[in-house]
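In what follows, a single structure is set out as structure tokens and then discussed.
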């Protein structure tokens, strides 16, 4: 069991779970009834743990060529978990999550189906969205940035789906950019496997400039426009702090690039993405 859980990469679960939690708190307008809490917890477990864990395990099944270079300690590469067992377990997680979603809400079932499809297509040979920079960014941006944090807005009573959509538009841009952090870290394996990431094709400097545009300048402009148009409370401008921290990380890496700094930047994103949603939540609380 321990190796199955390791293959599901529980270190990635808080990244999605906290963003979905804070997004759901905004969706419920901070009315913490037992019904709302129960509704919010279900998509977090379903999407951010079961489906995401299954996607991580499924990815490991088809990433052994990369992992032998980049991550030799992972269960399948190290031999502590068989390919067949991991594949069956990941498909079992997908099936359980889909059945749960179908029993709960039709729209959530559609979201869950889309997330499972993206997760499979990301790694499956013959499709393998991961091997192309654009499809990789779109897949992870849609999965982490849209489908997970928007899910509570579909099922919580009284949630304004327009507000949720505006939030995840910013979230999508941010997460589409941050996917490149792992490509700096994985560059040796990606080069060996001829994976066409932005870093492998266009180099570190170009990639970092694009990341600054996607992760900082576009979301900041959108946030300011939403506040100016009266769509978000004025207090949500505190969210700019997380975007400025993001810019600092990118700028530091641009000026003093090294694989060690790239790895540090990758780790910092595990704090910055939930921080973005946390500060946005504080802004909505301040504006109510």
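Since every read-out is calculated from the coordinates, none of them should be taken as a lab result. All of these numbers come straight from a predicted model, not from anything done at the bench. Using ideal geometry, Cβ is built from the backbone for each residue, glycine included, and neighbour counts are taken over all protein chains shown.
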Arrange 201, 128 by Cβ neighbour counts within 10 Å, fewest through most, would you?
-> 201, 128
Can you give the Rg to Rh ratio of the range 73-186, both from alpha-carbon atoms, with Rh computed by the Kirkwood formula?
-> 1.02
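Restricting everything to alpha-carbon atoms, can you work out Rg to Rh for the chain with a Kirkwood hydrodynamic radius? Please report the intermediate quantities before stating the final value.
Numbers: Rg = 18.8 Å, Rh = 19.4 Å.
Looking at the chain, the ratio lands at 0.97.
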How much length is gained if the chain between residue 221 and residue 96 is pulled fully straight, taking 0.36 nm per residue apart and subtracting their Cα-Cα distance, in nm to one decimal?
-> 41.0 nm
At 0.36 nm per residue, minus the direct Cα-Cα distance, what do residue 244 and residue 87 gain on full extension? Give it in nm, one decimal, please.
-> 52.5 nm
Counting only backbone N atoms under 11 Å from a point 7 Å out along Cα-to-Cβ of residue 127, the residues of the range 82-121 in range are 114-121
Going from the alpha-carbon gyration tensor of the range 85-145, what semi-axes, largest first and in whole Å, does one get by taking the root of 5 times each eigenvalue?
-> 22, 16, 7
